[in-house]
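*Asks:* This is the structure, below, for whatever I ask next.
Quick note: the coordinates plus some simple rules give every number you see, no bench work behind them. Because the structure is predicted, anything quoted here is derived from the model rather than measured. Note that we place each Cβ from the backbone using ideal geometry, even for glycine, and neighbour counts take in every protein chain shown.
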Amino acid sequence: MKKTLVALAVAAVAATSANAAVVYDQDGSKVEVGGSVRLVLQKAKDKRTDLLNNGSRITVNASQDLGNGLSAVGQLEIRPDFSSDTKTSRLWAGFKQEGVGTLTFGKLLTIGDELGQSDFTYNFGGINKVTDSGDKVAHFRSANFGGFSFGVDYLFGNSAKTKEVNGQVVKVNNNRGYVVGALYNNKFGDLGIDAAVGFSQDNRSTDATVVSGTLAEGNYKEKGFTSGLRVSYDKFAVGFDYSQRKTDDKAQGVTFRVVKKDDGGKAILTKYHKISEYELGLKYQVTDASKVYGEWLWGKGKALDEADTKFNGFILGADYKIHKNVVTYLEGITIKGKQAGNTVWKDNAVNLGLRVFF
């Protein structure tokens, strides 16, 4: 039966059907195969026009009905690229109880992935600073209770307690983390309300030093926070997000979206010990097949021994659905940062995208 399932899955992918294909459905067992091809033609500042793979994927979902509303669930998602590299982006399994929620374990998205409310773009938008995925995660996502739901995640850290570096035994930190989030979603006629709030904390390591006679890695914490609200009415929607990420050690830092410095011809990202961002997004559904959208981003970054960097940017875009499973879009961004009133970096980019779902 396993060989039959594999053959059916391969055949379903090769056929590039318009919808995710149910390749096996018997005795409460169900296997579905779907995915998308996502390509972008991009012109970015100081670069030639390029054709990019933008997260194309093949997804296999499996479930087994266990009775009384309980089921076992699992997912495998791989992401091929133009090169020979193929990345496993999702690999998880767990249990789902109707009316209660889903408990899963593996390489998956956290509740942090659901927090943003202001991003209507395909590529350039989104400011969420809460940890949104992990390689080894225990994830609980509740069912919806009158519009309210929540999620809790535990991110496993290093299993090894020590490691050897240049013949010396070094104590290794447990770089674990956690994420919590709450959401609200409801409709009142043509009026829709969505709200979200979430927090994450990740333990990080620094180079080993001698502490109380023991060679051990240093450590610090990265904390993320995001809150958002979206209001929709008929064909119009507006969303607003606030997000922050910071470290408890100012000598360490988190990176922002743009390149600022150059190190001997190699581009590097400036690290800030605190980033605060705001995003206001607007969307109008012109027709059932097309929408236009725009976003305004602004915020501030704090770096050790540097003046604060204030940044703002604008995004405009439009899409058109050729078919329910085929969408094209045009999207552009301009964004810049200033220190003490002087522009220290500026980036522009335009994407022409195509996504085909199967």
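*Asks:* Roughly how large, in nm² to one decimal, is the mean projection of the convex hull of the alpha-carbon atoms in region 99-357?
*Replies:* 17.9 nm²
*Asks:* Suppose the chain between D46 and W296 were pulled fully straight at 0.36 nm per residue; how much longer would it get relative to their current alpha carbon spacing?
*Replies:* Length gained, D46 through W296: 87.7 nm.
*Asks:* Quick one: net charge around K171, please, counting Lys, Arg +1 and Asp, Glu -1 for every other residue with C-beta under 14 Å from its C-beta.
*Replies:* Charge balance near K171 sits at -1.
*Asks:* Within 10 Å of each residue's Cβ, count the other Cβ atoms and sort L52, L183, L66 from fewest upward.
*Replies:* Neighbour counts put them in this order, fewest first: L66, L52, L183.
*Asks:* OK, next. Counting helices only, and only those DSSP H runs with n ≥ 4, report the 222 nm mean residue ellipticity of the chain as the sum of -39,500 (n - 2.57) divided by its residues, in deg cm²/dmol to the nearest 500.
*Replies:* Per the formula, -1500 deg cm²/dmol.
*Asks:* Rounded to the nearest 0.05, what FRET efficiency do N186 and R57 have when you use their Cβ-Cβ distance and R0 = 41 Å?
*Replies:* For R0 = 41 Å, the calculated efficiency reads 0.85.
*Asks:* Label Q64 and S159 with points 7 Å out from Cα along Cα→Cβ: what is the distance between them in nm?
*Replies:* Using points 7 Å along Cα→Cβ, the separation is 2.3 nm.
*Asks:* GNM on the chain, C-alpha springs below 10 Å: top fluctuator among A21, A208, A93?
*Replies:* Of the options given, A208 has the highest mean-square fluctuation.
*Asks:* Another question, then. If you rank E98, E279, E164 by fewest surrounding Cβ atoms within 10 Å, what's the result?
*Replies:* With the fewest neighbours first, E98, E279, E164 line up as E164, E98, E279.
*Asks:* Counting only C-alpha contacts under 8 Å and six or more residues apart, can you give the relative contact order of the chain as a whole percent?
*Replies:* Contact order relative to length: 13 percent.
*Asks:* Suppose each label sits 7 Å from its Cα in the direction of the beta carbon; what would the K321-D305 distance come out to in nanometres?
*Replies:* For K321 paired with D305, the spin-label model returns 5.4 nm.
*Asks:* Return the whole-Å distance between the Cα centroid of region 187-252 and the Cα centroid of region 96-160.
*Replies:* Spelled out, the Cα-based centre of one part sits 12 Å from the other.
*Asks:* If Lys and Arg each add +1 and Asp and Glu each add -1, what is the summed charge of the other residues whose beta carbon sits under 14 Å from the beta carbon of K96?
*Replies:* Local charge sum for K96: 0.
*Asks:* For K87, K336, which order do you get if you count the other beta carbons within 10 Å of each Cβ and list the fewest first?
*Replies:* With the sparsest Cβ surroundings first, the list reads K87, K336.
*Asks:* Could I ask something else about it? Can you work out the PRE-style zone for D248? Point 7 Å along Cα to Cβ, and I want the residues of region 175-200 with backbone N under 20 Å.
*Replies:* It comes to 175-181, 198-200, nothing else.
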